[in-house]
Amino acid sequence: MVMDLNKCIGCQTCTMACKRLWTRDEGMEYMWWNTVNTMPGRGTPRDWEQMGGGFADGQPRPGRLPTRRDFGEAWDFNHDEVFFGGQGDKVHLQVKGEAPDWGPNWDEDQGAGEYPNAYYFYLPRICNHCTHPACLEACPRQAIVKREEDGIVLIDEDRCRGYRFCMEACPYKKIYFNHQKKVSQKCIFCFPRIDQGVATACARQCPGRVRFVGYRDDQSAPIWKLVDQWKVALPLHPEFGTEPNVFYVPPIAPPRLDADGNVDESKPRIPDEYLVSLFGPDVLRALEVLKGEMAKTRAGGRSELMDLLIGHKWKDMFGGFDRDPASIEWEKGA
């Protein structure tokens, strides 16, 4: 998958599409297999980028087990009291029980920088279905498998015993623990849909046409063109050593303003060093390519890259996984 961060508006439609489809069962209340966080920010689970895991110099790197509090609990509200208690405006909607101190979007839209040059962007995240998955190597039960046909990483819940070594090992902290079923669970890249030629729910429901789906080695499809031909789509935190298969087109913010309110293009609004910390040093070249192609179109020229990123034809973004799910008679458990 490739996600164009210049098109994400943080609407969370992808998040809700995933939630409605996959994480509504018992024990999954706090799970959000798809998240969209504001960056710079502490993310979900809180401070996940400092929790370790993955590999360093080819060797496993120790990781910390995120707690439910780090992810943020599913809050329970006083709906009955407000809507059926008969107290009118004497009560208002509030969280029941202990006041929460974190949630999946606790620091939404805060970002960084000072007015008038503050900045932020949205970062959607799912399991990266890594080529070298640390979770798979950490599992002593061989309960995690990587499908040979498409590379999707799955957890066999019948084999899982809830040791949670996978959660410690994953440097992206995109594995959750179901405290009711006592098993680990995570994004399955909508494999029942993929098997039927249907793109993932998060991709199909995205109103911003942020997400591209397809095989990395299909040279006729967008993924190969963005990652390998144009090299403008990069993995998040490549230094984690797991070779993620989710890539990002880095964000370009509006120009800075000087003290007189004039455009100041002497340096970018989003500091280069911050983007390098997320996507590695190749992000600087990717930004130059993107800016060059944008300038070409503004001058009246054509750009194959810009046409590709705009996504004029929605189905062309799905690398052949463009079948209408409504045309399929789905079977439970398929």
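The values are calculated or read from the model by the stated rules, or taken from the named source; none is laboratory data. This is a predicted model, so every value here is computed, not measured. Note that each Cβ is placed from the backbone with ideal geometry, even for glycine, and that neighbours are counted across all protein chains shown. Areas reflect the complete protein model, heavy atoms only, side chains present, ligands, DNA and RNA absent. Shrake-Rupley method; radii C 1.70, N 1.55, O 1.52, S 1.80 Å.
Pick out, from segment 1-119, the helices (runs of 4 or more DSSP H) lying fully within it that include 1 or more residues that are under 30 Å from Gly241 (Cβ atoms). Passing ranges, in order: 13-22, 68-71. With respect to the conditions (1) polar (S, T, N, Q); (2) open to solvent by 10 Å² or more (accessible area, probe 1.4 Å); (3) under 30 Å from Tyr248 (Cβ atoms); (4) touching a residue at least 12 places away in the same chain (Cβ under 8 Å), Gln94 falls short on a single one, namely (3).
Name the residues in segment 142-152 that are out of contact with any Lys or Arg (no Cβ under 6 Å at 6 or more places or on another chain) and either of a type in the set (Lys, Arg) or buried (at least 16 other Cβ atoms within 10 Å of the Cβ) (or both), would you?
Answer for segment 142-152, where residues must be out of contact with any Lys or Arg (no Cβ under 6 Å at 6 or more places or on another chain) and either of a type in the set (Lys, Arg) or buried (at least 16 other Cβ atoms within 10 Å of the Cβ) (or both): Ile144, Lys146, Arg147, Ile152.
Among the residues of segment 241-259, those that are outside any strand (DSSP E or B) and either in contact with a strand residue (DSSP E or B) (Cβ under 6 Å, 6 or more places away or on another chain) or not polar (S, T, N, Q) (or both) comprise Gly241, Glu243, Pro244, Val246, Pro250, Pro251, Ile252, Ala253, Pro254, Pro255, Asp258, Ala259.
Filtering segment 260-315 to residues that are hydroxyl-bearing (Ser, Thr, Tyr) and part of a loop (DSSP other than H, G, I, E, B) leaves Ser266, Ser303. For segment 153-165, name all the residues that are under 23 Å from the mean Cα position of the chain (by Cα), open to solvent by 10 Å² or more (accessible area, probe 1.4 Å) and not acidic (Asp, Glu). Of everything in segment 153-165, those that are under 23 Å from the mean Cα position of the chain (by Cα), open to solvent by 10 Å² or more (accessible area, probe 1.4 Å) and not acidic (Asp, Glu) turn out to be Leu154, Ile155, Arg164, Phe165. When Ile310, Ile270, Ile223, Ile252 are checked against the criterion of being aliphatic (A, V, I, L, M), surrounded by fewer than 17 Cβ atoms within 10 Å (Cβ to Cβ) and under 26 Å from Pro207 (Cβ atoms), Ile310 stands alone in meeting it. Those helices (runs of 4 or more DSSP H) of segment 164-228 in which 3 or more residues are over 23 Å from Pro140 (Cβ atoms) and touching a helix residue (DSSP H, G or I) at 6+ places or on another chain (Cβ under 9 Å) occupy 201-204. Counting the residues of segment 188-204 that are of a type outside the set (Lys, Arg), buried (at least 19 other Cβ atoms within 10 Å of the Cβ) and either over 24 Å from Met306 (Cβ atoms) or out of contact with any strand residue (DSSP E or B) (no Cβ under 9 Å at 6 or more places or on another chain) (or both) gives 6.
Find the residue count for segment 295-307, including only residues that are open to solvent by 70 Å² or more (accessible area, probe 1.4 Å) and under 23 Å from the mean Cα position of the chain (by Cα). The qualifying residues number 0. Going by the conditions given, is Pro133 modelled with pLDDT under 95 and of a type outside the set (A, V, I, L, M)? No: the conditions fail for Pro133.
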